[in-house]
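Structure, as structure tokens:
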Amino acid sequence: MAVWFKQRFHILIGLVSILIIIQLLDTLTGGALSHFGIIPRYAQGLIGIPLSPFLHGNWEHLLSNIPALLVLSALLMTHSIRYYVLASLFIIFTEGTLVWLFGHTAIHIGASGWIFGLWGLLLANAFFLRRAKDFLFAILVFVYYGSIVFGLLPWQEGISTEGHIFGVIAGLLFSWLSKKWIITKR
């Protein structure tokens, strides 16, 4: 059990460290890294698909994303590290591609699409995988992060609502595919 916990703890610490280092570099370069976000329908914006979740507009943006990313990631890692990595990559690339194809013209950055994808995945797993652990996680996620649903409404300027919506779609799709492919096994 100690090794199981240690592995996941180190991954989460590593993730936060990467996010902080990137934000520090972005701050030191006057926000130059933010230009590597997703720019819909422009070839140079394709680089943002894998990079945008690691870029944030400022420290407040980053610090508002870290707690939810850590909690949702930790819950998903209880399945397995492999499942978490596959789900995260699927969510990041699916959400990013959909934002690139259909997003409004802007530079889309931030981990919120990833967060919304993890949120949707944890909720959908209760329906698709039907395991006691997944029902418990869905209840916890709904109780503690249920208000995240308001992030799906286009009411705030400067927020990539498309990223949030496409993140949830990616999470739901991954959960459905998990049932079909049975990739949740260790």
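The values are calculated or read from the model by the stated rules, or taken from the named source; none is laboratory data. Source: prediction; values computed, not measured. Heads up, the Cβs are rebuilt from the backbone with ideal geometry, glycines too, and the neighbour counts pull from every protein chain shown. Ligands, DNA and RNA are stripped out before the accessible areas are found, and what is left, the full protein with its side chains, is counted by its heavy atoms. Shrake-Rupley method; radii C 1.70, N 1.55, O 1.52, S 1.80 Å.
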TODO: Please state which of the following conditions E60 fails to meet, knowing it meets all the rest: (1) in contact with a helix residue (DSSP H, G or I) (Cβ under 7 Å, 6 or more places away or on another chain); (2) open to solvent by 20 Å² or more (accessible area, probe 1.4 Å); (3) over 15 Å from S160 (Cα atoms).
DONE: (1)
- [ ] Quick one: count up the residues across the stretch 33-49 that are in a helix (DSSP H, G or I), open to solvent by less than 50 Å² (accessible area, probe 1.4 Å) and among the small types (G, A, S).
- [x] 3
TODO: Please list, ordered by first then second residue, the pairs with beta carbon atoms under 8 Å, 6 or more apart or interchain, first in the stretch 38-50 and over 13 Å from L98 (Cα atoms), second aromatic (F, W, Y).
DONE: I47/F36
Task: Selected residue [buried (at least 21 other Cβ atoms within 10 Å of the Cβ), in a helix (DSSP H, G or I) and hydroxyl-bearing (S, T, Y)] from S147, S178 - done: S178
Task: Every pair of residues 6+ apart whose Cβ atoms lie under 8 Å, when the first sits in the stretch 65-77 and is closer than 14 Å to G110 by Cα and open to solvent by less than 40 Å² (accessible area, probe 1.4 Å) while the second is of a type in the set (V, I, T) and in a helix (DSSP H, G or I) - done: N65/I115; I66/V16; A68/I115; A68/I148; L69/I115
TODO: Go through the stretch 94-111 and count every residue that is open to solvent by 30 Å² or more (accessible area, probe 1.4 Å) and part of a loop (DSSP other than H, G, I, E, B).
DONE: 5
Open item on the list: I'd like to verify a number: residues in the stretch 23-37 that are more than 27 Å from F102 (Cα to Cα) and either under 20 Å from the mean Cα position of the chain (by Cα) or among the hydroxyl-bearing types (S, T, Y) (or both), how many?
Closed with: 2
